[in-house]
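What follows is a short report on a single structure.
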Amino acid sequence: MKKVLLAILLLGSTMGLHAAKVNKKVSIVINSQSREYWLYVPDNVQQDAPLVVSLHGASGHCTDKSPFRTDVADKEGCIVVYPQGNPIYFPVFGGTVTGWDATGEENADVIFLKAVIEDVAQSYSIDRKRIYACGFSNGGMMTYALTNCCSELFAAFASISGYPLNEFHFRHTAPRPVPFLHIHGKKDDFVLYSLMPIIVDEMVARLGANPVPEKTSQSGYYDKSVYEGVEGSFPYTYYEIEGMGHNDYTDRTPEKNSAQTMWNFFKQYTLDAPYDATHRWRPRIEATGYQPTAHGWTVNSGTTLLQFGGEQNNTSWNSNNHNTYRSLQFVAGSYQLCFQSEGDAALTIGVQIQKLGEVKKIVLETTVQAGSTATLPFDITDDWGEYKLTFIRPNSTANITISNIGIYVGTGGNVTGIDSKTADSKSTDGKWYDLQGCQVSSPQHGLYIMNGKKVLVK
């Protein structure tokens, strides 16, 4: 009897170690609308605690406490908020259910999530550099959307069984590349696993990460691909889970707990981690082992030397591609296209960037000599749009190669650049250059080169 009593006391003591300090629903009013979130604060929370924003899926509820689990919060001492989505009409369901307006733009849901963070900060000491976002299904779609409109609020992101599709087409024009973890079941036939390669390509090019991943696997459990961040960028990590359908949790990650896998990814990153603030898109098609044609590129087709980007082939929510396709995107601003070419200097290369959609607008059209390094400025005067990039050779047999393609924030028609291979030695003129050797007028947050040295601008 004494042993039984002792066991009960020990169990109670162990449970007490992980008892929540706060575990309740909270209501806040935003623009005269009352909204709710569930607040979970473990008893071991410290000053400057990290904060995880965890978003439920369509038709879900904040009480689901999905997909980031409270047992991980208990173990790691992080605060978690589970915001409640609003009723939204989803064509795929043929009705209205709770969810997230994952457009990638500043909208009522984004304002709500920001308000939730501020509400928590009024009562608890949170580390603003360690705020993370994750989500399941439609919540995962919203997580991707937040990488576009809140890239400078969240230090890292994770999604399970969710990516932008249908009415929530992927947008990726944010000022900051972001660390991202994605977990998806190989048997997910709802948010289709088969379309994930397109999402991976989009994110990897946006981040400027190495498009040829380092792969590891455990038979019967997972395949893991790490698209490593190159200097000035961050990685995209992708888990493909054996036997998993459309779920918000799996025990088939290395940690045997997908929420713990998210946390182990999150904790590597803080918002002040250095990055290249000028970078917008770098596909790195010259990487050893990369095959551009398998990733949406047209290569050496007649006089088309290289081409990326195309019209939407179907925007219907029930189409086979679910409005998921490879895309080159810009918002209004000044940019520069940088690349290197190899070939006979007597040959010329035509370069064109054209806006797609109802009105075709050419925003860049010029020629350069083969065998040179080019920095070509162009301006976007419209709001968000999708574009096609084309390199043209003089004839179908001309032997020219293009490498180190990148698009960076520029200064319109007043841009100069230097060879990226000699940036450290040449940038001694007191001006600022990005890591690719292209001059920038006013550095923002990130890594730059000035007077031959790399400088972190905070």
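The values are calculated or read from the model by the stated rules, or taken from the named source; none is laboratory data. Computed from a predicted structure; not experimentally measured. So basically every Cβ, Gly included, is an ideal-geometry build from the backbone, and we count neighbours across all protein chains shown. Just the protein is used for accessible areas: all its heavy atoms, side chains included, with ligands, DNA and RNA removed. Shrake-Rupley method; radii C 1.70, N 1.55, O 1.52, S 1.80 Å.
Things to note:
- I88 being over 16 Å from S159 (Cα atoms), in contact (Cβ under 8 Å) with a residue 12 or more places away in the chain, out of contact with any Leu (no Cβ under 9 Å at 6 or more places or on another chain) and surrounded by fewer than 17 Cβ atoms within 10 Å (Cβ to Cβ): no
- Within the range 180-204, considering residues that are hydrophobic (A, V, I, L, M, F, W, C) and under 10 Å from the mean Cα position of the chain (by Cα), the one surrounded by the most Cβ atoms within 10 Å (Cβ to Cβ): V204
- Filter result (crowded, with 23+ Cβ neighbours inside 10 Å, assigned to a strand (DSSP E or B) and in contact with a Pro (Cβ under 9 Å, 6 or more places away or on another chain)) within the range 129-145: I131, Y132, C134, G135, F136
- Test: residue in the range 362-379 that is touching a Lys or Arg at 6+ places or on another chain (Cβ under 7 Å), open to solvent by 20 Å² or more (accessible area, probe 1.4 Å) and at pLDDT 95 or above: yes
- The range 144-172 residues that are closer than 18 Å to N321 by Cβ, paired with ones that are aliphatic (A, V, I, L, M) and open to solvent by less than 10 Å² (accessible area, probe 1.4 Å) (beta carbon under 6 Å, 6 or more apart): G162/V191; Y163/I199; F168/A102
- Unique residue being under 19 Å from F265 (Cα atoms) and among the β-branched types (V, I, T) when the list is I88, I117, I111, I79: I79
- Cβ-Cβ under 7 Å pairs, at least 6 apart or on other chains, the range 229-254 side within 19 Å of L195 (Cβ to Cβ), far side buried (at least 21 other Cβ atoms within 10 Å of the Cβ) and modelled with pLDDT under 95: none
- Every test in (1) farther than 19 Å from Y269 by Cβ; (2) in contact with a helix residue (DSSP H, G or I) (Cβ under 7 Å, 6 or more places away or on another chain) is passed by C149 save one, and that test is (1).
So that you can scan it fast, the table gives a plain yes or no per residue for (1) at pLDDT 95 or above; (2) farther than 23 Å from T278 by Cα:
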position: D383; (1), (2): no, no
position: E386; (1), (2): yes, no
position: R393; (1), (2): yes, yes
position: S403; (1), (2): yes, no
position: I407; (1), (2): yes, no
position: G412; (1), (2): no, no
position: D419; (1), (2): no, no
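- Residue tally, condition in a loop (DSSP other than H, G, I, E, B), under 21 Å from S396 (Cα atoms) and of a type in the set (S, T, N, Q), over the range 284-306: 2
- Scan of the range 102-128 for residues that are open to solvent by 20 Å² or more (accessible area, probe 1.4 Å), among the acidic types (D, E) and not in a loop (DSSP other than H, G, I, E, B), ordered by number: E118, D119, D127
- Scope the range 148-179; condition open to solvent by 10 Å² or more (accessible area, probe 1.4 Å) and of a type in the set (S, T, Y); matching residues: T173
- Scope the range 249-279; condition touching a Ser or Thr at 6+ places or on another chain (Cβ under 7 Å) and either open to solvent by less than 50 Å² (accessible area, probe 1.4 Å) or of a type in the set (V, I, T) (or both); matching residues: T250, T253, S258, T261, F265, Y275, D276, H279
- Search result, residues across the range 225-238 that are of a type outside the set (V, I, T) and closer than 25 Å to A145 by Cβ: S225, Y227, E228, G229, G232, S233, F234, P235, Y236, Y238
- Test for E358: is it of a type in the set (D, E), out of contact with any strand residue (DSSP E or B) (no Cβ under 8 Å at 6 or more places or on another chain) and open to solvent by 10 Å² or more (accessible area, probe 1.4 Å): yes
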